[in-house]
Structure formats: C-alpha cells, structure tokens
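Okay, here's the structure, questions in a sec.
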Amino acid sequence: NSQKPVRFLLGAALEFGGDNLAEIYFTDGSTQTMNAGQGGTLFAGGQLRLTKNEKLFLRGSIGIKYLTTKADNAHIRLTRIPLALSVNYFPVKKLRLATGIVTHQAINLKFDGVGQDAKFTSVPGLQFEAGYGVFALSYTAMTYKDGSNASYRANAIGLTISGVF
C-alpha cells in the first residue's frame with residue numbers, strides 16, 4: 001500500500017484578501033474592487049516522499065491565478081503565475097499540515113482599453129495550509145510592488161482542493 005516516491009499533483013484554489021489594486025465603476029452605479037490576493041488558481045506539479053513512513057512530503061507546483069470583473073464591455077483581469085514549494089506533514093492519514101514559500105510571476109492587471117494597464121512583482125511569501133483529504137484551508141502572506149515601488153499586501157485566505165496521482 002506504499003505510495004510511489006514521486007507522484008503527480010493537481011489542484012485548484014479560491015482565494016480572497018489583499019489590498020485593493022483597482023476599483024471598477026459600472027454604469028449601473030455599482031462598483032467592484034480587485035484585490036491583490038483574490039482569484040481562482042489552477043495548478044499542477046509533483047509530490048516527493050521524503051520519509052519511508054509516508055509522513056513527510058515535498059510539494060512543488062506552478063499554476064495560473066485569475067481574477068476578472070463583471071464588466072461585459074471590457075475584459076478587465078488580473079493574472080499571475082504562482083510558483084510554490086512546500087513541506088507537507090501528515091500526522092495521521094488524510095490530515096495534512098503544510099508550510100512553504102510561494103512567489104507570483106508575470107503579475108499583470110489589464111484594463112482592456114478602459115484604463116492604464118499595470119505590472120507588479122512579488123517578493124517570495126509564506127504559505128500555510130491545513131487540510132483533510134483533498135480539501136485544505138490556506139493562508140498566504142505576500143507583498144506585490146508596482147512600477148514605482150509602492151507596496152500592496154497580497155495576503156490571501158483560501159480554500160484549496162488538491163490530490164496526487
């Protein structure tokens with residue numbers, strides 16, 4: 001019943017939080033904020049078994065994180081490429097505790113012609129996860145910087161679904 005030392009990892013996450021990067025005003029009078037930590041992520045990677053007793057694993061992944069608005073006349077979006085590396089501990093079967101580093105690459109806020117596009121960079125942040133089975137709650141502490149070196153908190157709380165094959 002022992003797992004292979006290396007397994008394929010697939011997952012998805014929904015995250016919320018962070019500083020407001022943009023506020024979109026709609027003709028009906030409503031507004032929508034785009035927060036630095038907010039978005040949906042799809043990711044793939046691998047899991048490496050570190051101990052024979054199957055309690056300690058290293059996980060690495062790359063993904064795409066995406067946030068859009070309800071605007072129907074412009075495709076306003078915030079896209080990022082998350083890279084993550086974490087140590088995962090299973091104290092008992094199915095219970096997973098993890099901590100690791102995460103960075104976002106190619107952070108682009110596109111306004112599709114209705115505003116000035118913006119690019120951001122991130123310094124590596126910390127990510128913590130606690131999960132049972134395929135579900136986990138996560139917290140990410142991260143900072144984005146814009147072209148003029150202003151900082152934005154991209155901290156996020158999320159729900160993750162992931163599994164190895």
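The values are calculated or read from the model by the stated rules, or taken from the named source; none is laboratory data. This structure is a prediction, so every number in the text was calculated from the model and none was measured. Using ideal geometry, Cβ is built from the backbone for each residue, glycine included, and neighbour counts are taken over all protein chains shown. These accessible areas exclude ligands, DNA and RNA; they are computed on the full protein's heavy atoms, side chains included. Shrake-Rupley method; radii C 1.70, N 1.55, O 1.52, S 1.80 Å.
Just the number, please: carbon plus sulfur as a percent of the accessible area of the chain, 1.4 Å probe, no ligands or DNA/RNA counted.
After summing per-atom areas, the C and S share lands at 63 percent.
With each label point set 7 Å from Cα along the Cα-Cβ vector, what nm distance links Val123 and Thr51?
3.3
Expressed in nm to one decimal, what extension gain is obtained for the pair Leu137 and Thr68 from 0.36 nm per residue of sequence separation less their Cα-Cα distance?
Contour length minus the Cα-Cα distance gives 22.6 nm.
Continuing with the same structure: Of the beta bridges DSSP finds with both residues in the stretch 8-165, what % are antiparallel, to the nearest 5?
Taking every DSSP beta bridge with both residues in the stretch 8-165, the antiparallel ones total about 100 percent.
Which values of log₁₀ I(q)/I(0), to two decimal places, follow from the Debye formula for the chain at q = 0.11, 0.14 Å⁻¹ with a uniform point scatterer at every Cα?
-0.48, -0.72
What size of dipole, in debye to the nearest 20, comes out for the chain about its Cα centre when the only charges are +1 on Lys and Arg C-beta atoms and -1 on Asp and Glu C-beta atoms?
1020
Could you work out how far the C-alpha centroid of the stretch 65-134 sits from that of the stretch 1-36, in angstrom?
What the calculation gives is 6 Å, centre to centre.
Next question, about the same structure. Tell me, what is the per residue accessible area of the chain in Å², probe radius 1.4 Å?
Normalised by residue count, the accessible surface of the chain is 55 Å².
Here's a follow-up. If you take the charge dipole of the chain about its Cα centre, with +1 on Lys and Arg Cβ and -1 on Asp and Glu Cβ, which of Ala136, Gly115, Thr33 is farthest toward its positive end?
Checked the options; the winner is Ala136.
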